[in-house]
1. Within segment 287-313, which residues are outside any helix (DSSP H, G or I) and exposed (fewer than 13 other Cβ atoms within 10 Å of the Cβ)?
2. Do we find that residue 345 is assigned by TED's automatic domain parsing to the domain that holds residue 242, closer than 27 Å to residue 177 by Cβ and in contact with a strand residue (DSSP E or B) (Cβ under 9 Å, 6 or more places away or on another chain) in this structure?
3. Would segment 302-319 turn up any residue that is touching a strand residue (DSSP E or B) at 6+ places or on another chain (Cβ under 9 Å) and assigned by TED's automatic domain parsing to the domain that holds residue 203?
4. Within the set of pairs 6+ apart or on separate chains, which have a first residue in segment 344-370 that is loosely packed, with under 15 Cβ neighbours inside 10 Å, a second that is at pLDDT below 70, and C-beta atoms under 8 Å apart?
5. Taking segment 314-326 as the search range and keeping residues that are over 20 Å from the mean Cα position of the chain (by Cα) and in contact (Cβ under 8 Å) with a residue 24 or more places away in the chain, which one is surrounded by the fewest Cβ atoms within 10 Å (Cβ to Cβ)?
6. Just for strands (runs of 3 or more DSSP E) wholly inside segment 219-282: which have at least 2 residues that are touching a strand residue (DSSP E or B) at 6+ places or on another chain (Cβ under 9 Å) and closer than 21 Å to residue 85 by Cα?
């Protein structure tokens, strides 16, 4: 199977084959040549050498337009793909490009980065000044975006992709520790008390913590998304604030778009006691379940602020709203939920994602599982 973005396959005889395109004198179908290796890495290195040899043929540094800078290439990449991406995706890519990639390489010739294998990612801070080190994850993110730009150029100009732009994904070793049980019980008791007074914010927080909703999914919920007969909520959108990139000044706006992925478009059963609270504050179809004071909706950062104030009031150490989703997953696992069910409730595309992000076995759990274990059991 080909690795993403590269025409490299494992053959039936166990070797790896890399294919690259060459010019066809007849001008009909494109022609391909192959390189072979005992491993994927060997085939990839040979393929890179062949592609670079084609680029350097006849003394040319690349097949890119003369004078194209990395800034020009990035602008072209953003412009030609803007219509293909979600608005939030475009905003993210453009922000990373303008804030980090252009200060590093914006004025450099794209062909120079393409053919110079000594180029590495320096430890720059904001604005291209040496201030602080990037984390491994952030370096990876910058290189992924830069790699996408060069793959776009390669598809358009057949110029190849720099070998140094294929970093391995950084290890996900960060362990997220939820609040202690007594603090969660204190938080739950407070939210239930407020819910009895028909406080929609508290009901929303409970809904997120007991159904595993992302904060953007919760804020985008409308009354029409509730199936009153089945006792379920339907996740059909997500709310977020993005940059608008106006010419004179940078501003932001709230958008409601499709959920994070196709799998995030899902239906979740609601615990009966929570569903009763929803019935008590029931509104009309197009209205948002969480309404703001000045707007018809409550945006994510306002909900984050209210959540933080609640934690301060209860003297609970601050934790991010997204932790409620982790707590939901942990509680489901301890209750014996199977991975397939949990993955679908969380809106993941496969159970591997669920296990990688949310499944952390602690020592107490290991002791419970190992207690009384026998060889012949």
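The values are calculated or read from the model by the stated rules, or taken from the named source; none is laboratory data. What you see is a predicted model, and the numbers here were worked out from it, not measured in a lab. No Cβ is skipped: glycine too gets one built from the backbone with ideal geometry, and neighbour counts run over all protein chains shown.
1. Of segment 287-313, the ones outside any helix (DSSP H, G or I) are 287-299.
Listed by number, the residues that qualify are 293, 294, 295, 296.
2. yes
3. Checking segment 302-319: not a single residue is touching a strand residue (DSSP E or B) at 6+ places or on another chain (Cβ under 9 Å) and assigned by TED's automatic domain parsing to the domain that holds residue 203.
4. Short answer, once both residue conditions are applied: 356/172.
5. Applying the first criterion (over 20 Å from the mean Cα position of the chain (by Cα)) to segment 314-326 yields 314-319.
Among the residues that remain, those that are also in contact (Cβ under 8 Å) with a residue 24 or more places away in the chain are: 314, 316-317, 319.
Details: 314: 13, 316: 17, 317: 9, 319: 19.
This residue is 317.
6. Passing ranges, in order: 238-243, 252-257.
Results for (1) at pLDDT below 80; (2) under 15 Å from residue 214 (Cβ atoms); (3) not in a helix (DSSP H, G or I), shown as yes or no for each residue.
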residue: 316; (1), (2), (3): no, no, yes
residue: 321; (1), (2), (3): no, yes, yes
residue: 326; (1), (2), (3): no, yes, no
residue: 348; (1), (2), (3): no, yes, yes
residue: 366; (1), (2), (3): yes, no, no
